[in-house]
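Single-structure report; data block below.
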Amino acid sequence: MTAGTFPLRYRAVKQSNARFALALGQHAAARQLIRLLGFRDSRDASNEPSWVLPPNADLFPLRALRAIVG
């Protein structure tokens, strides 16, 4: 299964998202993990920085992480 089966709103995180920034985004290691999971630096329609999981991204890394952290 690839990420393309999920709508973009579930595959994108704005880098300015306050909840994400507070929980994870403030940590360099968390931002690196996002990239390792397949997310790519991008900009949304309003040119705001975001991370986007491409439609052809393999979901195995995300599922493995979910299994580890519960």
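One entry in [x] 28, 11, 9; [y] 20, 15, 12; [z] 19, 17, 10 is semi-axes √(5λ) of the Cα gyration tensor in Å calculated from the shown coordinates; its label is [z]. Taking Lys and Arg as +1 and Asp and Glu as -1, the other residues whose beta-carbon sits under 10 Å from that of Phe39 total +3.
3J(HN,Hα) couplings calculated from phi for the stretch 25-39 with the Karplus curve 6.51 cos²θ - 1.76 cosθ + 1.60 (θ = phi - 60°) are, in sequence order, x, 6, 9, 4, 5, 5, 5, 5, 4, 3, 5, 5, 6, x, 6 Hz; Gly and Pro show x. The residues of the chain have, on average, 73 Å² of accessible surface per residue, using a 1.4 Å probe with all protein chains present.
Computed from phi, the 3J(HN,Hα) profile of the stretch 48-65 under the Karplus parametrisation 6.51, -1.76, 1.60 (θ = phi - 60°) reads 7, x, 8, 10, 10, 8, x, x, 8, 5, 6, 8, 4, x, 5, 5, 5, 4 Hz, with x in place of Gly and Pro.
The values are calculated or read from the model by the stated rules, or taken from the named source; none is laboratory data. On a predicted model such as this, the values are computed, not experimentally measured, just so you know. Cβ sites come from the backbone with ideal geometry, for glycine too, and all protein chains shown count toward neighbours. Note: accessible area is taken over every heavy atom of the protein model, side chains too, but ligands, DNA and RNA are not part of it. Shrake-Rupley method; radii C 1.70, N 1.55, O 1.52, S 1.80 Å.
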